1. Report, by chain and number, residues whose modeled amide H sits under 5 Å from the one on VAL100, excluding near sequence neighbours (fewer than 5 apart, same chain).
2. Computed FRET efficiency, Cβ-Cβ of LYS115 and GLU5, R0 51 Å: what is it to the nearest 0.05?
3. Given points 7 Å out from each Cα along the Cα-Cβ axis, report the GLU282 to HIS150 separation in nanometres with one decimal.
4. How large is the dipole of the chain about the Cα centre if only Lys and Arg carry +1 and Asp and Glu carry -1, each at its Cβ, rounded to the nearest 20 debye?
5. Say a paramagnetic label sat at a point 7 Å from the Cα of HIS227, along Cα to Cβ; which residues of the range 75-109 have their backbone N under 13 Å from it?
6. Looking at the chain, what % of its DSSP beta bridges pair antiparallel, to the nearest 5?
7. By how many nm would the segment from TRP37 to GLU299 lengthen if fully extended, with 0.36 nm per residue of separation less the alpha-carbon distance?
8. Relative contact order of the range 252-401: what whole-number percent is it, with Cα pairs under 8 angstrom and at least 6 residues apart?
Amino acid sequence: MPGFELFGAEERQQVNEVLDSGVLMRYGFDGMRNGHWKARALENAIKARFQTKHAQLVSSGTAALTVALAAAGVGAGDEVIMPTFTFVASFESIIALGAVPVLVDIDDTLTLSPKAVRDAITPRTKVVMPVHMCGSMADLGALKHICDQHHLLLLEDACQAIGGTYDGKPLGSCGDLGCFSFDYVKTITCGEGGGIITNNDTYAKNADHYSDHGHDHIGNDRGAETHPFLGYNFRISELNAAVGCAQIKKLDDILKIQEKNYEVLKDSISTVEGVSFRRIPEGGKENYSFLNFFLPTEETARQAHKALTGAGVDACFYWYDNNWHYYRKWEHLMAQHSLGKLPKEVKEGLQYLGEADFSASDHWMGRTISCLIKLSWSEDELKERASMMEATLSKVLTSTTI
Ligand SMILES: *Cc1c(COP(=O)(O)O)cnc(C)c1O
């Protein structure tokens, strides 16, 4: 997944252009910049690559989610439906706006279950937020249908699946708004950074103003801009955007390497009886950043994870026990531990978590292993990894089924 594996002279050149001009701020200072507008250039490249009318860069993927929600008018007491398997950023961004994260089950796609979404809709629901975890997407056709029926917005968190597609459309561009992260471990990186894409003119304008203190960005006098509404500072710097300008040009090469490496590993372990694979919704194409597979039981999955790690197959994850990505370990959310008082709407809105039943999610996550696909493996390393994975999984499954 990480773009930092293919890091080099191109990134350095882009950053040096910013350092030479001395203008590290994305707005203003027109006379000093020697024509360098890195954030603008990256936004243009994003629009072209992901086929959307608008792109707004911000300081992180978490900021992108927050700004996208704010741009769509989400506020106190609104409910946002999100999956139990994601990153903590999902509920952080929702709570930051005084809105309520409504966790619902995942299915064998490891993303939002459309049925669970339907069951969670209330009169306060405003947004459905699928998270395309580990390189593959939610069933966007089914979710879009539900959103249309109930007049809800579809906001795609494509932070982990940039470059994947659904029905031929880039992930992130299928809903009303889409978000990317360009943090250091994502498929392409700015160091830190995030982006929002949309075809909606109002959301785009709102995102542009909101992410820069609500400034209206009209005219050339920065200090004279007015504020149509309250905002915040979620700006990206020119230095970060410059890195992204080099990285986005490498995206298609990165995706090709990931797919090739993924297919070698998948071919190898698909011969092991008892191993099955995450379902990719019809019409979907992954970005191949992870190979995700199921073991027959929670017990065998734990054993397989331990055995793989012991055999030196690094970067394989058992998310069921993970603090960052799965609801079972989000004790701070369950206990509502915040530094200050949470808004009343959030406190009351989160009450349901005390008695929520996510056994359907546990059924899938308890059996899932995800292996990161690296770009830097040599042919020999890849072959060795493939045979090691196959041998290790076979051993675990034969010894436990006897
Ligand atoms: C990385 C990530 C984010 C947040 O991105 P940051 O740039 O690290 O703030 C949000 N959602 C998912 C699914 C992610 O993987």
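The values are calculated or read from the model by the stated rules, or taken from the named source; none is laboratory data. Note that the structure is a prediction, hence the values are computed from the model and not measured. With ideal geometry, Cβ positions are generated from the backbone for all residues, glycine too; neighbour counts draw on all protein chains shown. For accessibility, only protein heavy atoms count, side chains too; no ligands or nucleic acids. Shrake-Rupley method; radii C 1.70, N 1.55, O 1.52, S 1.80 Å.
1. Under 5 Å from the amide H of VAL100: GLY77, ASP78, GLU79, VAL80.
2. E(calc), rounded to 0.05, equals 0.85.
3. 2.3 nm
4. About 220 debye.
5. It comes to no residues whatsoever.
6. Working: 25 of 40 bridges.
Antiparallel bridges make up about 60 percent of those DSSP assigns within the chain.
7. The TRP37-GLU299 span can extend by a further 89.0 nm.
8. Numbers: 167 pairs, mean separation 61.1, N = 150.
Result for the range 252-401 is 41 percent.
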